[in-house]
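The values are calculated or read from the model by the stated rules, or taken from the named source; none is laboratory data. Not measured: the values here are computed from a predicted model. For neighbour counting, all protein chains shown are included, and Cβ atoms are generated from backbone atoms with ideal geometry for every residue, glycine included. Keep in mind that these areas ignore ligands, DNA and RNA; they rest on the heavy atoms of the full protein, side chains included. Shrake-Rupley method; radii C 1.70, N 1.55, O 1.52, S 1.80 Å.
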Amino acid sequence: MAKYSYSDSDIWRETTSVKDAIRRSVFNYCKGQLGWSNDGCVERVEKEVSREIPKSLFDSQEERWGWALSEAKLLDVGAGQGGGVLEALLRGADAYGVEPGQEFAELSRLRLKQEGFDSERICKTGGEVLPFPENSLD
């Protein structure tokens, strides 16, 4: 569990940290859009910041199927705040993401840039209109 908490009256203060911006965005989405409890939101925030979900997913794929992520060209449709794309890039994949939400797409781009990757790997679009040539992704 996180070492911090948020109250309804002071959920987020303006920050300059990308991680704090991601925390704010995820919390506001979980609380405002999904109606989750504060505890549920805080738990999900930490999973997003730590990339726990894509790490677990990629670990299981590598273990179960022997999938060499470093040889893959991947697309994360609905990339959110970019945790999956970042984790794939860190594991050597040629990864891209599409995200229709303005805030999420911007946070994804900032997250990649902060880690030294090209922010243009995130396209602000939905999965219905992909800006990639046919058969160019695995």
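General remarks:
- The residue that is farthest from K19 (Cα to Cα), among those in the range 114-131 that are open to solvent by 90 Å² or more (accessible area, probe 1.4 Å) and not in a loop (DSSP other than H, G, I, E, B), is E120.
- When the range 34-53 is filtered for residues that are without any contact (Cβ under 8 Å) to a residue 40 or more places away in the chain, of a type outside the set (K, R), crowded, with 16+ Cβ neighbours inside 10 Å and farther than 14 Å from S108 by Cα, the ones remaining, listed by number, are W36, C41.
- Test for S50: is it at pLDDT below 95, within 19 Å of R23 (Cβ to Cβ) and polar (S, T, N, Q): yes
- Among the residues making up the range 96-108, those that are surrounded by fewer than 22 Cβ atoms within 10 Å (Cβ to Cβ) and part of a helix (DSSP H, G or I) are Q102, E103, E106.
- Residue among A93, A88 that is farther than 26 Å from F27 by Cα, open to solvent by less than 20 Å² (accessible area, probe 1.4 Å) and of a type in the set (A, V, I, L, M, F, W, C): A93
- The residue that is modelled with the lowest pLDDT, among those in the range 1-30 that are within 16 Å of V49 (Cβ to Cβ) and open to solvent by 60 Å² or more (accessible area, probe 1.4 Å), is M1.
- Each residue in the range 90-113 was checked for being under 22 Å from D20 (Cβ atoms) and without any contact (Cβ under 8 Å) to a residue 60 or more places away in the chain, and 11 of them qualify.
- Any hit, the range 56-74, residues being under 20 Å from Y29 (Cα atoms), touching a residue at least 12 places away in the same chain (Cβ under 8 Å) and either open to solvent by 20 Å² or more (accessible area, probe 1.4 Å) or not in a helix (DSSP H, G or I) (or both): no
- Single match in L86, L137 (criterion: modelled with pLDDT of 95 or more and in contact with a Leu (Cβ under 8 Å, 6 or more places away or on another chain)): L86
- R111 meets all of the listed conditions (1) open to solvent by less than 50 Å² (accessible area, probe 1.4 Å); (2) basic (K, R); (3) modelled with pLDDT under 90 but one, namely (3).
- Here E134 meets each of (1) surrounded by 13 or more Cβ atoms within 10 Å (Cβ to Cβ); (2) of a type outside the set (S, T, N, Q); (3) assigned to a loop (DSSP other than H, G, I, E, B) with one exception, condition (1).
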